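Take a look at the structure set out below.
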Amino acid sequence: MYCRWSKAALPVPLSIRFGADTLSTSASTAPSSLCILRLSAIGDACNAASVVQAIQRHYPEVRITWVIGRVEAALLGNLPGIEFIIFDKSRGWRAYRDLYQALAGRRFDVLLHMQLALRANIASLCIRARRRIGFDRARAKELHGLFINERIGPREGMHVLDGFRQFATAIGVPAAPPEWALPVADADRDWARQQWIGDARGHLILVPAASALERNWRVERYAALAAHAAGQGFAVYLCGGPTDTERRLAAEIIAQSSVPLVDLVGRSSLRQLYALLQQASLVVAPDTGPVHMAVAAGTPVIGLYGHSNPDRTGPYRFRDYVVDTYHDALAAQRGKTADDARWGQRVYGDDLMDAITVEQVTAMFDRVVAEQGL
């Protein structure tokens, strides 16, 4: 570890008592410099971007530095008015050395420590700030309390994005519905336009793969949904990353499909994918990052959720369009409702997504098409 561990040499946090309990309240004085610490993942970084942009709108003069993961920077690193410092976890301990060197001699008015992972907590040691605002006790874990001196207010039963928004209100930003203004380069917008089938009624994007295999819907059911959409004049596209798992899943869906599908899996950058999602009519996906990218782009999403509560991690603007097995699985596994269980309680099983039927998803597709005028 490059950051020094002696108590006197630490930037701040380990010299404060464990579990700092100062409740952060709205400040009337605008900070002149602000550091955001949110490394991952794509969906969470997209949600955090709306908070960062809300801060920019309220405090247009504040200098903002965002310490962010390498993959996430590939999507968000062109946000205007923000200095990005990449923390590349693939470099192991060298990532901490790089961060320490990048921030050497600098001190911020405020650190918004928006990630609980131990990796992020250790990285925060390289960030000097007078106010170090982190999560409340109920949400804190991985020794998070050691690395902060203020906490956001305790809240239960809220979406992850609402929790992030508390960091903005903690520094005096008025609460308001989240907005996104992610820039799209002309080249990325043009690339997206070139993928479309010109005479289609609309464009349906399927992002079939989540990071965990158990979150994926069945191949033949994606194929059936594609046939239903094509029957209504929609062109259907498969999107995703370049991993072997995602390519294999796309190939299996295509093999099962009775209608033509445009295979874009692994063929776009994250910014090209964002441009594609922005221009699409509708997106269908399990619990994965592009769900939140589509929300940021303003495109309706049908989320397929089985293992996590969509009220907490679902597509923020389109949670009414989620088809989920989570609540039934929670009752079966824990004997509880979501109101009775610990907020954020997950359920487990390789077959949970099987309870989502083709009929449920096609009915939701028809509802979205009607309500959104697609």
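A few points about this structure:
- Charge dipole of the chain about the Cα centre (unit charges at C-beta), most positive-ward option of Gln272, Gly303, Leu79: Leu79
- For the stretch 171-201 versus the stretch 98-112, the gap between their alpha-carbon centres in whole angstrom: 31
- When you count the other C-beta atoms within 10 angstrom of each residue and take the mean per peptide, 194-201, 355-362, 48-55 line up highest first as 48-55, 355-362, 194-201.
- The stretch 353-374 and the stretch 226-246 have Cα centres lying 15 Å from one another.
- Cubic angstrom per residue, convex hull over Cα atoms of the stretch 93-228: 228
- Label point distance in nm, Arg342-Arg267, each placed 7 Å from Cα along Cα→Cβ: 4.4
- With contributions of -39500 (n - 2.57) from each DSSP H run of at least four residues, the per-residue ellipticity at 222 nm computed over the chain stands at -10500 deg cm²/dmol.
- Two tests apply to each whole DSSP H helix in the chain, Cα reach of 20 Å or more along its axis and mean Kyte-Doolittle hydropathy of at least -1.0, and the ones passing both are 42-58, 358-372.
Since every read-out is calculated from the coordinates, none of them should be taken as a lab result. Please read these numbers as outputs of a predicted model, since none were measured by experiment. As a convention, Cβ positions derive from the backbone with ideal geometry for all residues, glycine included, and neighbour counts pool all protein chains shown.
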